[in-house]
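The values are calculated or read from the model by the stated rules, or taken from the named source; none is laboratory data. All of these numbers come straight from a predicted model, not from anything done at the bench. Every residue, glycine as well, gets a Cβ built from its backbone with ideal geometry; the counts of neighbours run over all protein chains shown.
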Amino acid sequence: MKFLSLLITMASAAPIPLDRFQAMLQTEVQHEFAVNHPHSRQLQDDLWDAALQHELNVAAEREALEHTPSPFLVCDFTLGKTGDLCRADVGAELKTDDLLPVINKFDQTCFIVEALPSVIAGPTNLAAIPLTAEMKMGQNLVDQIEQRQIQRMDATFCLGQVQTDEEAHDLAARVLSERERHLSAFVEGRVYRSQEREGFWRRRLQEDMDEAICESVYAEMELDISTSSLSIEFTEEHTRYSECLQALVVHLATRPEICFVGGYQRIQLLNDVSSGIVQDGENKNKLFHQRGLNGTGQVVAMSDTGVDVDNCYFYDPQTSVMKTRSIRFDPSARKIIQYYTFGDGYEGPSGHGTHVAGTIVGHRGDGRDGRGDGIAKGAKLAVFDMQGPEGMRRPHVLEMFEPGYVAGARIHSASWGIPNENRYTAFDRDIDKYLYDHPDFLFVVAAGNSGSGNIRNTVASPATTKNGIAVGATDNSIGGILAEFSSRGPTSDGRMKPDVVAPGLMITSARADPSLRGECDESNGLVQMSGTSMATPLVAGVAAVIRQYFAEGWYENGSKNQMIGYQPRASLVKAILINSGENLRGVSGSYPTEPYDMQQGFGRVNMKSSLPHGGDGSDMKAIFVNAQRISSGDEITYNVKINDAAVCSGPLSATLVWTDPAGAPFCNMGCVLNDLDLFLTRKGREGKIFPNNLNQADSTNNAERVRIENPLPGDTYSVHVKGTELLASQDYSLVISGCLTDATIKDDVTNDEESVAEHDADCEDGFGLISINDNMMKNCTWLSANIDEYGFLCSYTDIVSECPSTCNRCSYKQLEIGRGFITANLGSGTAPLRWYGITFDLKTRASLTFQGLSLYLSSKEAFRVQVFISNGDRNSVEKNPLAAWIPVCDAVVTGAGTAKEIKIEGSEHCRPFPMNENSFFTIQVEVEGTRPGLILSKHNDGMDHVVHVNEHMVIRSGGAAFGNEGYTLDGFVKYTTADDDNCRDSSGKVEIQEVGAKSCAWLEMNFHRFRHLCDTTQVASYCPRTCGVCKEKQ
């Protein structure tokens, strides 16, 4: 049979050799098969083949007895076959979409997949081997346990194992059982490893172990479970019993549900002139602050030790900061809108987090400029407190990022790291996955403080993520000197880190002092600190300013124009930061440095070199491409011309960044899975100009920059972006800056055989305004069918008024108001003012937009009423501590008895909240001053507890718990229906008259966002060069 023939083949020669596996993943395989023998290579290969044969037999037995799958490494080694085709073929052959990419190169695409051995035996075009225990263990894990360096283990679940938190907890319970049986089987299999390791494991797992001691150690460990992993934390005392920890590692690694096991140390902290340096380089002018660009309208999240909330740089006399481990936030707060207490909620004297927070958003409460002002002093802060009695605690990624994201933060600053961990870990993978799933979210992280002596590979996780931006530290001098302590790259898999550097030496910022209230500049409210911890919040603050720059529409000509504002992707913000980097003049300690090295990365951040702002008389211009999609083999080209005006000078710089899919933990030579390539060509010259100071394409990094220091006036360059090797289509962002002419951008998609056509000299754009009113055959039906691609057309009021239903903007039409009825009891008002809530859930029959509440308050007292909504039914929301509660209403009202309705609605008190059809939502009404312990239950009025027009939903109290006491709160949910008869699309053609205010030059500068306008004959005929239709022009 086919399965037995596969066993015979694997026994004679492994389909994936030992050296090829070691090039893919950094695991304990290196130590388990290390032999000291004259014929060591042949002996290693023999042991490797025998070990795989043994593991395959174990997997086959598991299938026969339990019919459960095992993890395999599956590869397609077809030369030149693109990753997307490999992925499709592997998924089709194995009948699964749960493929964890390991490497994607020209000659190999590999995945880890859970499958039955009989299924793996089927495809003849794929190479596959089972994952042995040591293949799952991170490299050096065993030695680190022996040296007492590990205080946390992460066991990563194989893809497809769990979907919900409940399933994750059930799986963790199963994984942590039956330890003895797995240990025995592991020891028996050591005969296929080196003699040294075989002896080590027999001694540690059989001779040294005291089961009673180990059981007590296991009982005291703290578990942290998510849908991606099981994490186990233990104390310094537990590390004494290394044999128990080794046994735990073996048990986890031998479980078929586990694909990776890593061990880590406890995370550590990585401890006014600087603000000017990152805005204007050596001139140190606060150019962007002078123009009002200071982070206004932005929220930045920060994970650290906490914040002294009453320091003058954060103090808010109008509101008090609520510290809680729930996703609550107050957008009306002056500075701190959220304080999530994963830690203890306490910030000690001269606390690290207070200093970091001040560097990002600090601004005096009296409105005056202070010496401790943050770079984004107009922004607000979401705090994630990680400090507990035993030090900094590392959360799961979802809990760390989600509270701030729900509160509106699109930047997260982390000034901490995992010491001596230079690899791409499971934690890095989880971060990259979150960033990939939330492409507008940027993670800014400290590189580390372990670089003294110019030691390479000291950048510490999570600065080793692909999609975050790692920050090193410099002094405040002109030209910049890298701080000697700043950690150096590369990562263990060869990627360039840090990405950028910023001032981090003797930085002045807010000082924590729990004994004082309102401490400020003149009252011991400031302190100086040094470290990459101080450089990181500076870059996070710059990122907030960049987001404001785009939200307020400064990007077109350096002037504010909110009509064209948009929210940039994180990849664009990162590209701008990298594009702005300026070379340092040296390294502290007299070590040499040069562009693109592993000390400074892309250089020191200087916003002025990437963002035109109109404040310095410079003619520097920039082109911003936000989230352009590209497929394998495609090439997109942007043609730019250097201005020949004497007033403009400076380099031509192009930077490409993409948010790469999450890689495999411990990846070695292929952590970047989607390989895009950036290169420049010069008109009239042969040859390509490659990025990152290389003489060939860069296949290692997902950030690439080409800089030409002295381009000649009048020269034309083509900036090429190529989708070289992709697992799937990929969005990228691109920045091109320099002394560019007004009309400089053209976009072509070509394949490898095509080249970019030269412009027809007789084909020129018109100079008047664009008028669009033909829209050949385009109507609301067409827009509805193409809404995914052309959804941005709904930003035009002309389109919205014609197609309100398609654009989901029914508020443009007159709507009938429907109401659902609510009844509930509130306790008598004798208790002190505190926060309690009443909660009910509902299911929508149609798509609704929540507009507010109408209440009847029996008690004739003043109450503050807040309304929060969460997605999901009440049971699921209450069981989920990370459930997102969105604030929708906030008002102070006075009860007037049961005869008078009190309306809480309108933009002053509420904001609309969309509710999709056939969905559950939980609504919580918080009334200040009510009695605790209210028990509510759904009442069966209305079909299936559904709120619909003219139907009622009733919430009743717990009856006997209150007797006849209490005041009633009755009222209505006010909402509008998206499917109302008055909200229908028109049948006529779509017309965009308002674009008539734009010119062909505007279209050319914004072609990456508005290329769809060339679909109209009027625009194409008026702007043929920009639209690339010169040959069609009559």
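Of note, R190 does not satisfy the criterion of being part of a helix (DSSP H, G or I), surrounded by fewer than 18 Cβ atoms within 10 Å (Cβ to Cβ) and basic (K, R).
Residue-wise test of (1) hydrophobic (A, V, I, L, M, F, W, C); (2) buried (at least 23 other Cβ atoms within 10 Å of the Cβ); (3) modelled with pLDDT of 90 or more.
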position	(1), (2), (3)
D369	no, no, no
D373	no, yes, yes
A382	yes, yes, yes
R393	no, no, no
Y405	no, no, yes
I411	yes, yes, yes
P419	no, no, no
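Residue-by-condition table, conditions (1) surrounded by 24 or more Cβ atoms within 10 Å (Cβ to Cβ); (2) outside any loop (DSSP other than H, G, I, E, B); (3) outside the structural domain of L673 (by TED's automatic domain parsing); (4) among the basic types (K, R):
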site: V444; (1), (2), (3), (4): yes, yes, yes, no
site: N449; (1), (2), (3), (4): yes, no, yes, no
site: N457; (1), (2), (3), (4): no, no, yes, no
site: T465; (1), (2), (3), (4): yes, no, yes, no
site: G472; (1), (2), (3), (4): yes, yes, yes, no
site: N476; (1), (2), (3), (4): no, no, yes, no
site: D493; (1), (2), (3), (4): no, no, yes, no
site: T508; (1), (2), (3), (4): no, yes, yes, no
site: D513; (1), (2), (3), (4): no, no, yes, no
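Restricting the search to helices (runs of 4 or more DSSP H) fully inside segment 9-116 and requiring at least 2 residues that are modelled with pLDDT of 90 or more and touching a Leu at 6+ places or on another chain (Cβ under 6 Å) gives 40-66, 83-94.
What do you reckon, is S184 over 38 Å from the mean Cα position of the chain (by Cα) and surrounded by fewer than 16 Cβ atoms within 10 Å (Cβ to Cβ)? If you could, list the steps in order and put the result at the bottom.
Working: over 38 Å from the mean Cα position of the chain (by Cα): yes; surrounded by fewer than 16 Cβ atoms within 10 Å (Cβ to Cβ): yes.
The answer is yes for S184.
When I360, I337 are screened for being in a helix (DSSP H, G or I) and in contact with a Leu (Cβ under 8 Å, 6 or more places away or on another chain), only I360 passes. Scanning segment 704-727 for residues that are assigned to a loop (DSSP other than H, G, I, E, B) and of a type outside the set (G, A, S) yields E709, N710, P711, L712, P713, D715, L726, L727.
Once segment 703-721 is narrowed to residues that are in contact with a Leu (Cβ under 7 Å, 6 or more places away or on another chain) and closer than 21 Å to P439 by Cβ, the residue that is surrounded by the fewest Cβ atoms within 10 Å (Cβ to Cβ) is V721.
Say whether the condition of being modelled with pLDDT under 95, surrounded by fewer than 23 Cβ atoms within 10 Å (Cβ to Cβ) and in contact with a Cys (Cβ under 8 Å, 6 or more places away or on another chain) is met by at least one residue in segment 679-687. Within segment 679-687 (the criterion being modelled with pLDDT under 95, surrounded by fewer than 23 Cβ atoms within 10 Å (Cβ to Cβ) and in contact with a Cys (Cβ under 8 Å, 6 or more places away or on another chain)), the answer is no, since none of the residues qualifies.
In segment 407-436, how many residues are among the β-branched types (V, I, T) and within 13 Å of the chain's Cα centre (by Cα)? Final tally of qualifying residues: 2. S805 satisfies every condition listed in (1) of a type outside the set (A, V, I, L, M); (2) surrounded by 13 or more Cβ atoms within 10 Å (Cβ to Cβ); (3) modelled with pLDDT under 70; (4) outside the structural domain of R682 (by TED's automatic domain parsing) except (3).
Out of the residues in segment 138-170 that are at pLDDT below 90 and among the β-branched types (V, I, T), which is surrounded by the fewest Cβ atoms within 10 Å (Cβ to Cβ)? Once the filter is applied, the top-ranked residue is T164.
In segment 597-614, what count of residues is obtained for those that are over 26 Å from G292 (Cα atoms) and either of a type in the set (D, E, K, R) or at pLDDT below 85 (or both)? Final tally of qualifying residues: 1.
V191 satisfies every condition listed in (1) farther than 20 Å from H54 by Cβ; (2) touching an Asp or Glu at 6+ places or on another chain (Cβ under 9 Å); (3) not assigned by TED's automatic domain parsing to the domain that holds V90 except (1).
Condition check for D373 on (1) outside any loop (DSSP other than H, G, I, E, B); (2) under 25 Å from S350 (Cα atoms); (3) touching a His at 6+ places or on another chain (Cβ under 8 Å): one failure, at (1). Filter segment 495-506 for residues that are more than 19 Å from Q26 (Cβ to Cβ) and either surrounded by 24 or more Cβ atoms within 10 Å (Cβ to Cβ) or outside the structural domain of D308 (by TED's automatic domain parsing) (or both) and give the result. Across segment 495-506, the qualifying residues are P498, D499, V500, V501, A502, P503, G504.
Considering the conditions (1) surrounded by fewer than 22 Cβ atoms within 10 Å (Cβ to Cβ); (2) in a helix (DSSP H, G or I), M135 is excluded by exactly one of them, (1).
Residue-wise test of (1) in a loop (DSSP other than H, G, I, E, B); (2) more than 30 Å from S486 (Cα to Cα); (3) modelled with pLDDT under 85; (4) of a type in the set (S, T, N, Q).
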{"site": "W554", "(1), (2), (3), (4)": "yes, yes, no, no"}
{"site": "N557", "(1), (2), (3), (4)": "yes, yes, yes, yes"}
{"site": "M563", "(1), (2), (3), (4)": "no, yes, yes, no"}
{"site": "Y566", "(1), (2), (3), (4)": "yes, yes, no, no"}
{"site": "K574", "(1), (2), (3), (4)": "no, no, no, no"}
{"site": "L577", "(1), (2), (3), (4)": "no, no, no, no"}
{"site": "L584", "(1), (2), (3), (4)": "yes, no, no, no"}
{"site": "G589", "(1), (2), (3), (4)": "yes, no, yes, no"}
{"site": "P595", "(1), (2), (3), (4)": "yes, no, yes, no"}
